[in-house]
Amino acid sequence: MKKVLFLFISLAFISCGKDKKNNKNTEEILVSDSTGTSDYQGDVMLQFKVLDSKYLENKVMWSPFEIELYKVTEKKYDSLKRIILEKDITQLQNSIAQDSLTYEELTLFYLYRMRKLDRENELSLNSVIALNPDVLTEARLKDRNYKNTKDKSPIYGIPVLLKDNINTATMATTAGAVALQGNTTPDAFITTQLVNDGALILGKANLSEWAYYFCEDCPSGYSAVGGQTLNPYGRRIFDTGGSSSGSAVAVAANFAPISVGSETSGSILSPASQNSLVGLKPTVGLLSRRGIIPISSTLDTPGPITKTVRDNAVLLSAMAGRDTLDSKVYADSIEIKKDYYSALTDTTSLKGSRFGAIKELMKDSLYSRAVDELKKAGAKIVIFDAKDVDLPDFKRLLNLDMKKDLSAYLERYAKRVDVKSIEEIVNFNIEDSVQRIPYGQALLESVVKDSASTEKFQAIKDTLKTRGREFFNTPMENHRLDGILSINNYHAGFAAVAEYPAITVPMGYDKYGEPKGLTFISIPYSEQNLLRWAYAYEKQSKERKPPKDYIK
């Protein structure tokens, strides 16, 4: 079955691939982070050219843990499962505090479960691409220092998976590409922030190769190094969303409690919603992008993917911090928050909040029900007709940014790989196209061919930002709204160019069991409000359910 991968940027709203009636005037943009879903979601299997990686060596990945994992019995695993499976950070930390769990046991549980289920079996998901060989040593150190560490962060000792475009000193950073298999680097800024806050870097998550700005007609979740990531809610039936596919799938399947993704235009919102998770795309510049393989310095941002809103706030807090070397660091006048979670309490409500619901989306029964839940929680809802706004030259923005930004990354970080430019990556892939680029590399080729003057490029960026903000600001000003309500990543393109933050929260499952998320979008640096609204909705609706085949 051929998958449809569109960013529907010139419509009043951006729809999933299966809503084909709305796919006109799309500017034929096949954007890195857009989600694609099959035309029919039932018992029809998605078709893939490649499932399992030809480059990932399982024995090598697991060799640092063989002795420790050999000691874990199924009985021990089952006893830990009752304490760990589907538990949030607060629950895990309570078990640690009560001496019913250690950080070493917590880490071993996820490693054991990952080896048991993630690859080479009938339930394999191919969500993890690399493991930190030092993570058990680090977990034992957390246990030893636990009682003597004062003012511990909530993330202290908690294992975190990072999308494999985020630099780590202990593992290569590949973006899923064969050309970068030897790319060893220092830690990214946010990696250092997490470690300094006490988090355990568990490993790297698979992703859509080159963060999905690579091939035109490839499925989301595929990379040559990591293979094809699959959705635990419908393995080979439902799309994973891209490009932070592995980051979302691994959390949904309980291979890690929390993970970090990155987004250019939908790449956190899409996989989080497709896997019934909470995903936050922060304001561009709130979190450092230094040490992350880029598509666009204009639009890129990392962000948290978790099962709960509070966990999302904890992970966001741990990554936060001013990086003066980031090209888009936020203004000195903006307060640096290191605690987004304390404001989320039992008394959190939506009273006084005003949200805009897009009239066309009210045809979706899950969206309509979510709107009713928001009303029950005290919100005022204004239904409006979304303005028809075009976003011209979106693809050119990505082409021109990637041409500059990826080359700069390769020059600065990729010291131990042979490729030093996008042209060299394209030529490297052609040498073994069957293995390295089974779906082609049309988007990388378009990057090589594109060019523009500095003035033209700036005009493209200015126009897109103005148009994106117009889409949101017009209804927000006309109806005095605090935020706009969307579905999944339907409006990710507008939020991207407007540089507005967005959060998606599970809002239920369609008649085939495919997850969907309610997405809140608001003005820059409104993350605390987004988290508060999402938390109140989550508390009211309680829609998330774990994937049944991965709860056993």
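Just so you know, all these numbers are worked out from the coordinates, no wet-lab data involved. Since this is a predicted model, take the numbers as computed values, not measurements. So basically every Cβ, Gly included, is an ideal-geometry build from the backbone, and we count neighbours across all protein chains shown.
Which of ILE89, LEU69, TYR103 sits closest to the plus end of the dipole of region 67-114, meaning its Cα is farthest towards the positive end, when Lys and Arg get +1 and Asp and Glu get -1 on the C-beta?
LEU69
Report, in deg cm²/dmol and to the nearest 500, the calculated mean residue ellipticity at 222 nm for the chain, where each DSSP H run with n ≥ 4 adds -39500 (n - 2.57) and the sum is divided by the residue count. Kindly include the intermediate steps, with their values, before the conclusion.
Details: 18 runs with 189 residues, N = 552.
Per the formula, -10000 deg cm²/dmol.
If you work out percent of Cα pairs over 41 Å apart from the coordinates, which of (1) 14; (2) 37; (3) 26 do you get?
(1)
Can you tell me, using C-alpha contacts under 8 Å and at least 6 residues apart, the relative contact order of the chain as a whole percent?
Values: 1278 pairs, mean separation 95.6, N = 552.
It rounds to 17 percent for the chain.
Out of the GluC sites (Glu not before Pro) in region 42-147, which ones are loop residues according to DSSP with at most 16 other C-beta atoms within 10 Å?
Numbers: sites: GLU57, GLU66, GLU68, GLU74, GLU86, GLU104, GLU105, GLU120, GLU122, GLU138; in loops: GLU57, GLU86, GLU120, GLU122.
Here the sparse-neighbourhood loop sites are GLU57, GLU86, GLU120, GLU122.
Place a point 7 Å from the Cα of ASP510 along the Cα-to-Cβ direction; which residues of region 217-244 have their backbone N under 14 Å from it?
The answer is 234, 237-241, whose backbone nitrogens lie closer than 14 Å to the label point.
Applying a 10 Å radius around every beta-carbon, put 257-265, 409-417, 47-55 in order of their mean neighbour count, most first. All intermediate terms of the calculation are to be shown ahead of the outcome.
On the way: 257-265: 30.8, 409-417: 16.8, 47-55: 15.0.
Ranking the peptides 257-265, 409-417, 47-55 by packing returns 257-265, 409-417, 47-55.
Could you list, in their original order, any pairs among LYS163/LYS415; LYS204/LYS545; LYS363/LYS461; LYS152/LYS548; LYS163/LYS375 whose Cα atoms are separated by more than 29 Å?
On the way: LYS163/LYS415 20 Å; LYS204/LYS545 25 Å; LYS363/LYS461 33 Å; LYS152/LYS548 34 Å; LYS163/LYS375 36 Å.
With Cα atoms farther than 29 Å apart: LYS363/LYS461; LYS152/LYS548; LYS163/LYS375.
What does the highest-first list of 351-359, 494-502, 394-402 look like by mean Cβ count within 10 Å?
Values: 351-359: 17.2, 494-502: 27.2, 394-402: 24.1.
The peptides rank, most packed first, as 494-502, 394-402, 351-359.
Just how large is the dipole of region 300-422 about the Cα centre, in debye to the nearest 20, putting +1 at every Lys and Arg Cβ and -1 at every Asp and Glu Cβ?
Numbers: 23 positive and 20 negative charges, 32 e Å.
Rounded to the nearest 20 debye, it is 160 debye.
Restricting to Cα pairs below 8 Å that are 6+ residues apart, what does the relative contact order work out to for region 396-504? Please round to a whole percent.
Values: 69 pairs, mean separation 25.9, N = 109.
Contact order relative to length: 24 percent.
Of the options ALA130, VAL160, THR149, report the single residue whose Cα projects farthest towards the positive end of the charge dipole of region 123-181 (beta-carbon charges: Lys, Arg +1; Asp, Glu -1).
With unit charges placed on the Cβ atoms, the residue in question is THR149.
Treating the beta-carbon of each Lys and Arg as +1 and of each Asp and Glu as -1, no other charges, what is the dipole magnitude of the chain about its Cα centre, to the nearest 20 debye?
Working: 72 positive and 70 negative charges, 257 e Å.
The dipole magnitude comes to about 1240 debye.
Could you size up the charge dipole of region 173-289 around its Cα centre, putting +1 on the beta carbon of Lys and Arg and -1 on that of Asp and Glu, and report it in debye to the nearest 20?
Computed about the Cα centre, the dipole is about 180 debye.
Name the residue from SER273, PHE355, LEU344 whose Cα lies farthest towards the positive end of the charge dipole of the chain, charges +1 on Cβ of Lys and Arg and -1 on Cβ of Asp and Glu.
Selected residue: LEU344.
Tally the DSSP beta bridges in the chain and give the antiparallel ones as a percent, rounded to 5.
On the way: 28 of 44 bridges.
Bridges in the chain that DSSP calls antiparallel: roughly 65 percent.
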